[in-house]
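Each remark here refers to the structure printed beneath this line.
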Amino acid sequence: MMDDSRRNGAASSGWWNGMIGMVIFSGSLPATRLALQDFDPLFLTVARASIAGLLALAIVLLRRERWPQGAQWCSLAVVAAGVVVGFPLLTALALQHVTSAHSVVFIGLLPLATAVFGVLRGDERPRPVFWVFSLIGSALVAGFALREGVTAAPIGDALMLLAIVLCGLGYAEGGRLARTLGGWQVIAWALVLSLPVMALAALWWWPARLDAVSVPGWLSLAYVALFSMFLGFVFWYRGLAQGGIAAVGQLQLLQPFLGLALAAALLHEQVSAAMLFVTLAVVLCVAGAKKFAS
């Protein structure tokens, strides 16, 4: 009885940690779109990773954290490729072709990608009904993209889809590794692993005139570096480890709702009725997926 109580408590804690991480991530695409008004996408990608990497390095050194061992470095390389380099770079490139409101809807495909990689990499086995809700939610998002996006900006949509695949892999690999290495340690060491290359690249692509960068540009860079690249993952990977990769990953279906609101409020982008319909529909899919996750 106590074991069941502990298990339920860990699962509940996992959902709460995942929710906090998802809320933080919801501001990533609008902040990236805003930062691109002042920064080149390549510099923005390596700068955010370098800032977060320096913070992570300081923390692990001050805390005298145990260094990862053996195969853990390989897993950290996968995490870094997915969430430190792949997703930030591809979304920054995509946002040169599509609005953040449009790109946010693609985030609804992340739960399915995360769940698939959770099965492949994390040895998870959700119930069949879970996949029904996950597929319905993903189909709604894909249908919206096909209806309004592909004909308008095929390059932007292709970049977003590739970003989703890499991010799903990075989420699942990080959630699996967090079970043994710890939630915040996963993203910290992934950033430390990436830091030498990211720092050198930041110097290489250093802007000619930083004095021309606006205050919103600096604030956006700070957000994607400190919150999107580090703090959000502290909660997110802890949530995946506690509540299950496939199950907690479904919370990403809620992210478009918050992202659309931020895109409308901060960037004054148009949020169509179709966007709202898709977003509200996937909320129901999250509820169903949570119920039948295990």
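At a probe size of 1.4 Å, how large is the accessible area of residue 48, to the nearest 10 Å²?
Roughly 10 Å² of residue 48 is accessible to a 1.4 Å probe.
Length gain on complete extension for the stretch residue 136 to residue 274, per 0.36 nm per residue less the alpha carbon to alpha carbon distance?
Additional length available on full extension: 48.1 nm.
Taking only protein heavy atoms into account and a 1.4 Å probe, give the accessible area per residue of the chain in Å².
44 Å²
How large are Rg and Dmax for the stretch 175-294 when calculated on the C-alpha trace, in angstrom?
18.3, 53
At R0 = 30 Å, how high is the FRET efficiency between residue 180 and residue 281 if r is their beta carbon distance? Nearest 0.05 is fine.
0.20
Multiply the residue separation of residue 155 and residue 57 by 0.36 nm, subtract the distance between their alpha-carbon atoms, and state the gained length in nm to one decimal.
Additional length available on full extension: 31.7 nm.
Which ³J(HN,Hα) values in Hz, rounded to whole numbers, follow from the phi angles of the stretch 25-33 under the Karplus curve 6.51 cos²θ - 1.76 cosθ + 1.60, where θ = phi - 60° and Gly and Pro get x?
Once θ is set to phi - 60°, the couplings for the stretch 25-33 become 5, 4, x, 5, 5, x, 5, 5, 4 Hz.
Carbon-plus-sulfur fraction of the accessible area of the stretch 91-240, 1.4 Å probe, in percent?
73 percent
Can you tell me the relative contact order of the chain? Whole percent, Cα pairs under 8 Å, sequence separation 6 or more.
Answer for the chain is 40 percent.
Please report the equivalent ellipsoid semi-axes of the chain, computed as sqrt(5 x eigenvalue) of the Cα gyration tensor, largest first, in whole Å.
Over the Cα atoms of the chain, the ellipsoid semi-axes are 28, 26, 15 Å.
Working with all protein chains in place, sort 38, 211, 157 by solvent-accessible area computed with a 1.4 Å probe, largest first.
Ranked list, largest accessible area first: 211, 38, 157.
Per the Kirkwood treatment, what hydrodynamic radius in Å, one decimal, follows for the stretch 85-244 from the mean inverse distance over all distinct Cα pairs?
Final number for the Kirkwood radius of the stretch 85-244 is 17.3 Å.
The values are calculated or read from the model by the stated rules, or taken from the named source; none is laboratory data. These numbers come from a predicted model, not from an experiment. Positions of Cβ are backbone-derived with ideal geometry, glycine not excepted, and every protein chain shown enters the neighbour counts. Just so you know, the surface numbers come from the protein's heavy atoms only, side chains and all, with ligands and any DNA or RNA stripped out. Shrake-Rupley method; radii C 1.70, N 1.55, O 1.52, S 1.80 Å.
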